[in-house]
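S.K.: Shown below is the structure under consideration.
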Amino acid sequence: MLNFFFRPKFDYQKLILSYSHTLTKPTTDLNRFAKIAPYILTKSMKLSGGGMLVLDRTKLTYDLRAGYGEAEGLASSPLTQDNPLVAELLKREKIMVKSEASSPAVKDEFNRLKAEVVIPSVSRGEYFKIPTLISIIFLGRKNDGRGWSAEDLGFLEIMANQAAINIEYSFIMEELKRNQEQIIKSEKLAAIGTTVAGIAHELKNPLTYLLTVAQSMGQSWNNESFKESVIKMFPSEVERMKLIIDGLSDYSKMHELRFEPVEVTTVLNKVIAILGYEIKKNNVYVVTNYPPAGEKAVAKADNNRLVQVFMNLIANAVQAIGPKGGDLKILVRTEPNKITISITDTGPGMDGKTIEKIFDPFFTTKEAGTGLGLSITKKIIDEHHGQLLVDSVPSKGTTFTVSLPTT
């Protein structure tokens, strides 16, 4: 008999423990959270059903994210802010059982959701500034026919508070991700802006050559030396233009991460072509050491992201060398299961304190720098399950080494 009286309390302790292990860890996957919360409550408390509605911050509606048992087949039309149940919960900001419904319209919403209890999660944090209803967990009847006790509702209040914390965290992380994508796009545009004059110059030279050839062909094509010169020079000038245009196209695109076989040396050549003017202006001599002919350096990567990585690293190296001139060495090595790319400049180098901070967002040693280039570069390499290492000696130069998986 004694065990019977203490059993409900023991069950709640187990349920709280199960919930805590699964849901107290902050998550960025709101869909997963919305499915797990009502599932745990429905199964553990042996209910006829349950589900979860979550605020859509753009439309200001509450969308059904998950339903179990009797709630599984519910129509998924969202609840609006003027829905009687939503309005009641916004007013009360606390758990409500069906018997407390203030009007037939509110009771109708309980019936439509096949709910006996609704649990609002209200955010009172800084994110929304004002108390905001961000989710509604609704639960059906108990299969054993018992009613909802004060202990039940107190336990569910704890669950509601935890849900509010997790959902608000998910909202914040989603927004940070969107902002991060915008920052990456802005950083790309800024980089293109600083090199646009050089790109125009690099395209102008081959275009001028092609125009000269076109104007001279009519009267000079029968001249053997002219014909030989055109045959020799024409393909290389067209290829140079193609590298620049392809590189710019790759660099400017924004899309979801797509892994595919990418020839690393081709990406490097595109970047060198795009930065050709800056390289010449700073009297930088580029030395490339690629794998021998016939041996491809193919990484499993996103072509667009790799162009951005090497644009950042090579542009930084050129800027570090500065107008005094120097050498820029690019070494590509194929190793078991990975490709390694080392970019070495003969710039002023960095001390240990600077090296510790260079991947921190907004840290920069440049007067006009954003401090985002290297942090974005590091993030991209991490997304590729690769490595980005730096080795630098003051007054000697700096080497950035990128390692990328081949499979």
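Every read-out reported here was derived from the displayed coordinates using simple, explicitly stated rules and does not represent laboratory data. Predicted model, so just to flag it, every value in this text is computed and none were measured. Neighbour counts are summed over all protein chains in view; Cβ atoms, including those assigned to glycine, are modelled from backbone coordinates with ideal geometry.
S.K.: List, in the order given, every pair from Lys353/Lys378; Lys296/Lys329; Lys338/Lys379; Lys242/Lys329; Lys242/Lys378; Lys59/Lys107 whose Cα-Cα distance in the structure shown is over 30 Å.
M.R.: From the list (Lys353/Lys378; Lys296/Lys329; Lys338/Lys379; Lys242/Lys329; Lys242/Lys378; Lys59/Lys107), the Cα-Cα distance tops 30 Å for no pair.
S.K.: Which order do the peptides 94-105, 47-58 take when ranked by the mean count of other beta-carbon atoms within 10 Å per residue, highest first?
M.R.: Ranked from most to least packed, the peptides come out as 47-58, 94-105.
S.K.: In region 88-141, what chymotrypsin sites (Phe, Trp or Tyr not before Pro) fall in a loop by DSSP, with at most 16 other Cβ atoms inside 10 Å?
M.R.: Within region 88-141, the qualifying chymotrypsin sites (Phe, Trp or Tyr not before Pro) (loop, at most 16 other Cβ atoms within 10 Å) are Tyr127, Phe128.
S.K.: Still on this model: Under a 5 Å amide H to amide H cut-off, with H placed in plane at 1.01 Å, what residues pair with Thr61 once short-range neighbours are removed?
M.R.: Answer set, sorted by chain and number: Asp56.
S.K.: Taking H placed 1.01 Å from N in the peptide plane, check which residues at least 5 places from Lys94 or on another chain put their amide H under 5 Å from its amide H.
M.R.: The list, which skips near neighbours in sequence, is empty: none.
S.K.: In terms of modelled amide H atoms, which long-range or inter-chain residues lie less than 5 Å from the amide H of Ile339?
M.R.: Leu404, Thr406
S.K.: With θ set to phi - 60° and the Karplus curve 6.51 cos²θ - 1.76 cosθ + 1.60, what are the ³J(HN,Hα) couplings of region 272-284 in order, to the nearest whole Hz, using x for Gly and Pro?
M.R.: 4, 5, 4, 8, x, 5, 4, 4, 5, 4, 8, 6, 9
S.K.: What do you get for Rg/Rh of region 24-126 when both radii come from the Cα atoms and Rh is the Kirkwood radius?
M.R.: 0.94
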